[in-house]
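Working notes, structure below.
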Amino acid sequence: MKARIFLTALPLALLAAAPSAAATEPDLAAIRAASEKYRDLRVATAEGYLPAPECLTAEHVGQPAARGAMGVHYFRPDLLGITAPPNPRVDGNGMHMDFLRPAVLIYEPQADGSMQLVAVENLVFEAAWRAAGHDRPPVFRGRNWDHMADNPATPADEAHGFTPHFDQHLWLFRDNPAGVDVPFNPSVTCAHYRPAGGAGAHSGH
């Protein structure tokens, strides 16, 4: 099942925002301090972050369940430079790379229905990145960002509803035994996710 992000109600001007330049690479402590306010989900939504309609697990993208989950992504369409809603995939021209103002916030659903901030993320669409003249992936702290592209030969959606892209997660609010900058966290769960309509978490295929 491909992710379906509800973009249809967004103003066209918001979806057509231009990419922004990468900032000087900050340290993790500075990024954490800048993102601390988003522990309060009301602050994030007031600033324009919108929720994706699923809680993403490793199984969703065809990886072993033991790798854990990401959680629920709250994203800024303007910072991502989104130009098209799922038709069939979300596309954009964004190259926003400033982690002091992350384009994506990731939350873990809690048993009481609240959402707990666990990570921040930035994402750039591969076609836009290549068109800008880059022949190598973006890099943060000496590490290439992860490349996500769907493989049509598998039942999983390796790019979780997006066109091919590079992304970088930073687990600054939940310890990740696999590493602070790897995509999935075995310490995060989607067990308490309850989307509208009362269905369970999306845990794979």
task: Pull out a ≥ b ≥ c, the square roots of the eigenvalues of the alpha-carbon gyration tensor of the range 98-174, then state rounded if a/c is under 1.5, prolate if not and a/b is larger than b/c, and oblate in the remaining case.
output: oblate
message: Given the whole protein assembly as supplied and a 1.4 Å probe, what does the accessible area of MET97 come to in Å², nearest 10?
response: 30
Under 5 Å, built H, 5+ apart or other chain: amide partners of VAL118: ILE106, TYR107, GLU108
task: Subtracting the Cα-Cα distance from 0.36 nm times the residue separation, let me have the gained length for PHE140 to VAL182 in nm, one decimal.
output: 13.9 nm
Set of the range 58-90 residues, backbone N closer than 18 Å to the point 7 Å along the Cα-Cβ line of ALA191: 58-60, 65-72
task: In nm, give the distance between the simple-model label positions of ALA33 and ASN151, each being 7 Å from the Cα along the Cα-to-Cβ direction.
output: 4.3
Spin-label pair ALA131/ASP175, simplified geometry with 7 Å Cα→Cβ offset, distance in nm: 4.4
Overall form of the range 47-205 per C-alpha gyration tensor (a/c, 1.5; a/b vs b/c): rounded
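The values are calculated or read from the model by the stated rules, or taken from the named source; none is laboratory data. The shown structure was predicted, so the numbers you read here are calculated from the model rather than taken from an experiment. We place every Cβ from the backbone using ideal geometry, glycine too, and count neighbours over all the protein chains shown. The protein model used for the area step is the full one, side chains on, heavy atoms only, and it has no ligands, DNA or RNA in it. Shrake-Rupley method; radii C 1.70, N 1.55, O 1.52, S 1.80 Å.
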